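**Student:** Got a structure here, written out as structure tokens. Questions coming.
The values are calculated or read from the model by the stated rules, or taken from the named source; none is laboratory data. Predicted model, so just to flag it, every value in this text is computed and none were measured. Please note: Cβ atoms are built from the backbone with ideal geometry, for glycine as well, and neighbour counts cover all protein chains shown.
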């Protein structure tokens, strides 16, 4: 079961983030890449170089949009001007699905430009799910919400993060962008078992996965996206792939960005775990037929 | 300048409604956008001056085995400020070079405290910086006048980089209408400036120096002075010199073009919706027709002129 309705039944393979330091290499060398993930906000502009580059990329590659400012969990209503710009971009890229984070980051129109954790309550889940539905209906594209890494928890929370993720996605009937690095980071910061999280997520809703690197500090771990993926995260990814099936996967590398080749090679390491999951799945199928 | 409502006195004890969610989010936003204290720490006193931060944050954030509630909020607090200061630094290399890293950072911290972001994109972060620099000259003394000019110049570059464009006018379209009645507009991404400083040369010098330092650093790390004060001394502040500039883009690359004062006046009149005849009159009587023709030919080659219908330019998004 490689694809589902939350990623329009596509089998996208392994992608990487489209980042400025790689533009020249990509446009000149046209390397073989399954797909690129773009940060929507970088292209929600009226003209100029960003859209010129995007159009050149779209001529050659499949692109999926990933946002950082929809703030599904903010109490504020969705901003119409923002949605209008986003829809114009959706039409331009023909993204098969669109992802953004299960978080908040603005209130009263003031933006923190951060992905702040949600209070895990039923009221917050209802509000967030309503907003996801509104956005999906306006944009007319499947939505996947991504779990964020977090460094704080609220007293008012009534459930675990994975229960909240399930509650929101069931209510909104949307997909999940499962970031296994974020699960690892949050598990370390809050002291839960990351495998409990993975096993608690509705696997049939996972339309995409993220892997990334992080940085360890003395008392907490920060989601920095400036390293190769660490081994415990790959192990989580392997488990997630076994549980959810082969899923469109993307490596995030946003700071101290190395060469294109290095980033792509790191992303392609996911193939080994995918092959392992596929072999396991084939073995199970054979066993069923015997 | 901020739309953020006043901080609620208390966090909700339970979260039962969107109003409760808003209260919690408003309180936490106040905890993040307030300035950091010395050593980039979260201040011990809460913003009301009466309670401690620990009392207020402890109402809504849980501690864990290794971090207090305030330490957990402090992670977000520091990330907020470092991210925004970093974004402003990327957008304003000229202003940073003029003021020096320390004074620049003080200015940006004061700006962000007064004008938190009101846009979903960090691209707009410095949109109000030119006005802020003008209103609070003490933060950029003794270079306040040059700082005003450079802040305006650097924001114009952001707008020129990815602002909207309209279909440029062709020679045939111009020839169809008699000059006295013809009204044209300028591309919305193009801005015209009269500066008291040669900001273009200064910012170019800053960028060249930065590129040189970067190349040299790759070759022999640590060879060039790492002390920001010493670095600043190598580039003297600009001296007063009247400078007219058009900040624009051509083939999607950013440019700034020096203008003759007469060119500046003509273009300003066109931008304001005057007819070509009126705009030319603003240019002065001494300009030879052949010279003006050459100017218009250049502006058309650069795609600056576009059509104006009933007092408004025709907006067309780039395809």
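**Student:** If the requirement is being assigned to a loop (DSSP other than H, G, I, E, B) and more than 19 Å from residue B:280 (Cα to Cα), which of these qualifies: B:166, B:155?
**Tutor:** Answer to the selection: B:166.
**Student:** Mind listing just one residue for me: the one in segment B:24-36 that is in a loop (DSSP other than H, G, I, E, B) and crowded, with 16+ Cβ neighbours inside 10 Å and, of those, nearest to the other protein chains (Cβ to nearest Cβ)?
**Tutor:** B:34
**Student:** Does residue B:70 count as assigned to a helix (DSSP H, G or I), free of Cβ contacts under 8 Å to residues at least 24 places away in the same chain and over 15 Å from the mean Cα position of the chain (by Cα)?
**Tutor:** No; evaluated as a whole, the condition is false for this residue.
**Student:** Kindly indicate which of A:24, A:75 is more than 21 Å from residue A:91 (Cα to Cα) and either out of contact with any helix residue (DSSP H, G or I) (no Cβ under 6 Å at 6 or more places or on another chain) or not in a loop (DSSP other than H, G, I, E, B) (or both).
**Tutor:** Answer to the check: A:24.
**Student:** Being more than 9 Å from chain A (Cβ to nearest Cβ), farther than 19 Å from residue B:72 by Cβ, under 35 Å from the mean Cα position of the chain (by Cα) and not in a strand (DSSP E or B) is true for just one of B:39, B:49. Which residue is that?
**Tutor:** The unique qualifying residue is B:49.
**Student:** Hey, any hits in segment A:213-225 for a residue that's away from chain B (no Cβ under 14 Å) and buried (at least 17 other Cβ atoms within 10 Å of the Cβ)?
**Tutor:** Yes.
**Student:** OK, next. Pairs please, first residue from segment A:256-277 and more than 13 Å from residue A:15 (Cα to Cα), second anywhere and surrounded by fewer than 13 Cβ atoms within 10 Å (Cβ to Cβ) and at pLDDT 95 or above, Cβ atoms under 7 Å, 6+ apart in sequence or on different chains.
**Tutor:** A:257/A:21
**Student:** Name the single residue that is farthest from residue A:180 (Cα to Cα) among those in segment A:199-248 being in contact with a strand residue (DSSP E or B) (Cβ under 8 Å, 6 or more places away or on another chain) and assigned to a helix (DSSP H, G or I).
**Tutor:** A:205
**Student:** Do we have any residue at all in segment B:89-103 that's within 8 Å of chain A (Cβ to nearest Cβ) and at pLDDT 95 or above?
**Tutor:** no
**Student:** Right, here's the next one. Search segment B:144-168 for residues that are without any contact (Cβ under 8 Å) to a residue 40 or more places away in the chain and within 12 Å of chain A (Cβ to nearest Cβ) and pair each with any residue that is in a helix (DSSP H, G or I) and surrounded by fewer than 22 Cβ atoms within 10 Å (Cβ to Cβ) when their beta-carbon atoms are under 6 Å apart and the residues are at least 6 apart or on different chains.
**Tutor:** Qualifying pairs under 6 Å: B:162/A:50.
**Student:** Here's a follow-up. Being under 19 Å from the mean Cα position of the chain (by Cα) and more than 22 Å from residue A:249 (Cα to Cα) is true for just one of A:40, A:74. Which residue is that?
**Tutor:** A:74
**Student:** Additional query: Return yes or no: is residue A:251 touching a residue at least 12 places away in the same chain (Cβ under 8 Å), under 30 Å from residue B:78 (Cα atoms) and either within 14 Å of chain B (Cβ to nearest Cβ) or surrounded by 21 or more Cβ atoms within 10 Å (Cβ to Cβ) (or both)?
**Tutor:** Judged against the criteria, residue A:251 is a match.
**Student:** While we're on this one: Based on what the data block shows, is residue A:192 modelled with pLDDT of 95 or more and surrounded by 23 or more Cβ atoms within 10 Å (Cβ to Cβ)?
**Tutor:** In short, no.
**Student:** Let me ask something else about it. Go through A:68, A:64 for me and flag whichever is modelled with pLDDT of 95 or more, more than 15 Å from residue A:137 (Cα to Cα) and outside any loop (DSSP other than H, G, I, E, B).
**Tutor:** Of A:68, A:64, the one residue that is modelled with pLDDT of 95 or more, more than 15 Å from residue A:137 (Cα to Cα) and outside any loop (DSSP other than H, G, I, E, B) is A:64.
**Student:** Looking at B:62, B:114, which is the one that is within 27 Å of residue A:221 (Cα to Cα), at pLDDT 95 or above and surrounded by fewer than 18 Cβ atoms within 10 Å (Cβ to Cβ)?
**Tutor:** Step by step, each of B:62, B:114 is checked, and only B:62 is within 27 Å of residue A:221 (Cα to Cα), at pLDDT 95 or above and surrounded by fewer than 18 Cβ atoms within 10 Å (Cβ to Cβ).
**Student:** Then there's this: Could you check, for segment B:139-149, whether at least one of its residues is under 24 Å from residue A:108 (Cα atoms) and in contact with a helix residue (DSSP H, G or I) (Cβ under 7 Å, 6 or more places away or on another chain)?
**Tutor:** Looking through segment B:139-149, none of the residues is under 24 Å from residue A:108 (Cα atoms) and in contact with a helix residue (DSSP H, G or I) (Cβ under 7 Å, 6 or more places away or on another chain).
**Student:** Sort through A:169, A:95, A:160 and tell me the only one that's under 21 Å from residue B:58 (Cα atoms), touching a residue at least 24 places away in the same chain (Cβ under 8 Å) and either surrounded by fewer than 22 Cβ atoms within 10 Å (Cβ to Cβ) or more than 13 Å from chain B (Cβ to nearest Cβ) (or both).
**Tutor:** On inspection, the qualifying residue turns out to be A:160.
**Student:** Still on this model: Sort out which residues of segment B:237-295 are buried (at least 20 other Cβ atoms within 10 Å of the Cβ), farther than 25 Å from residue B:198 by Cβ and within 14 Å of chain A (Cβ to nearest Cβ), and write them in order of number.
**Tutor:** Within segment B:237-295, none qualify.
**Student:** On the given criteria, is residue A:111 farther than 28 Å from residue A:13 by Cα and surrounded by 23 or more Cβ atoms within 10 Å (Cβ to Cβ)?
**Tutor:** yes
**Student:** Still on this structure, please answer the following. Just name the residue that is surrounded by the most Cβ atoms within 10 Å (Cβ to Cβ) out of those in segment A:10-61 that are in contact with a strand residue (DSSP E or B) (Cβ under 9 Å, 6 or more places away or on another chain) and within 12 Å of another protein chain (Cβ to nearest Cβ).
**Tutor:** A:40
**Student:** Please work out which residue is nearest to residue B:306 (Cα to Cα), limiting yourself to segment B:168-186 and to residues that are modelled with pLDDT of 80 or more and out of contact with any strand residue (DSSP E or B) (no Cβ under 9 Å at 6 or more places or on another chain).
**Tutor:** B:170
**Student:** Give me the residue from segment A:99-136 that is closer than 21 Å to residue A:86 by Cα and part of a loop (DSSP other than H, G, I, E, B) and, out of that set, farthest from the other protein chains (Cβ to nearest Cβ).
**Tutor:** Here the residue is A:102.
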